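*Asks:* Okay, handing you the structure first.
The values are calculated or read from the model by the stated rules, or taken from the named source; none is laboratory data. In this text, all values refer to a predicted model and were calculated from it rather than measured experimentally. Neighbour counts are summed over all protein chains in view; Cβ atoms, including those assigned to glycine, are modelled from backbone coordinates with ideal geometry. These area figures cover heavy atoms from the full protein model, side chains too; ligands, DNA and RNA do not enter into them. Shrake-Rupley method; radii C 1.70, N 1.55, O 1.52, S 1.80 Å.
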Amino acid sequence: MAGCKSDRSELDKMVEFGQKYTDAWNSNVPEKMASFYAEDGTLSVNNGTPAVGRKQLAETAKSYMDAFPDLELTMDSLTKGNGTYRYYWTFKGTNSGPNGTGNKVDFSGFEEWTMNDQGLVQKSIGTYDAEEYEKQLNGY
C-alpha cells in the first residue's frame, strides 16, 4: 500500500545509516563520525562519562583515530529494539599512535542508539569487554 512504512524499510534505512556511520569511523575524520549525532547528542561507553555534543563526540573519535591510525571498524549487525537500535561492531587496529603500545587489538561490542526526529543519534550507550581490550592493548 502506497505511503505505508513497514518496519523492514525502516530497518533497511537504519542498516544503511549504520554502514555510513562505520565508513565515517574508518574515514579518519572525527567530525564525520560526530555528524551522525544530534547537535546535543551523547555517547557513553562502559558507563563512563558521556561525550556531549558534536565537539566532544569528535574529540572521542579522534582519540581512537590517533591511537589506532590503522583502525578498521566493521558493522557486524544492526537490530531494532523497543524504540532503540543496536549497532554491533568489531574494532581492529594497532596501537601505534602517540605513546602507543604497538600491540594489535581485535574486539567487539555494540552501541544502543536512541534516534531523534531528524534521524540522528540522540543518545548512544556503548558496551565492550574492557578487560579483554586492556589485555590485548597491553599484551598480557
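*Asks:* Go through (1) open to solvent by 40 Å² or more (accessible area, probe 1.4 Å); (2) at pLDDT 95 or above; (3) closer than 17 Å to ILE125 by Cβ and name the single condition LYS32 misses.
*Replies:* Unmet for LYS32, out of (1) open to solvent by 40 Å² or more (accessible area, probe 1.4 Å); (2) at pLDDT 95 or above; (3) closer than 17 Å to ILE125 by Cβ: (3).
*Asks:* When residues of the range 98-115 are filtered for being in contact with a strand residue (DSSP E or B) (Cβ under 8 Å, 6 or more places away or on another chain), open to solvent by 20 Å² or more (accessible area, probe 1.4 Å) and not charged (D, E, K, R), how many remain?
*Replies:* 7
*Asks:* Could you pull out every one of the strands (runs of 3 or more DSSP E) wholly within the range 37-97 that has 3 or more residues that are touching a helix residue (DSSP H, G or I) at 6+ places or on another chain (Cβ under 7 Å), open to solvent by 20 Å² or more (accessible area, probe 1.4 Å) and on the phi < 0 side of the Ramachandran plot?
*Replies:* In the range 37-97, 72-80 are the strands (runs of 3 or more DSSP E) which contain 3 or more residues that are touching a helix residue (DSSP H, G or I) at 6+ places or on another chain (Cβ under 7 Å), open to solvent by 20 Å² or more (accessible area, probe 1.4 Å) and on the phi < 0 side of the Ramachandran plot.
*Asks:* Residues in the range 116-140 that are within 30 Å of GLY83 (Cα to Cα), open to solvent by less than 60 Å² (accessible area, probe 1.4 Å) and more than 14 Å from the chain's Cα centre (by Cα): how many?
*Replies:* Qualifying residue count for the region: 4.
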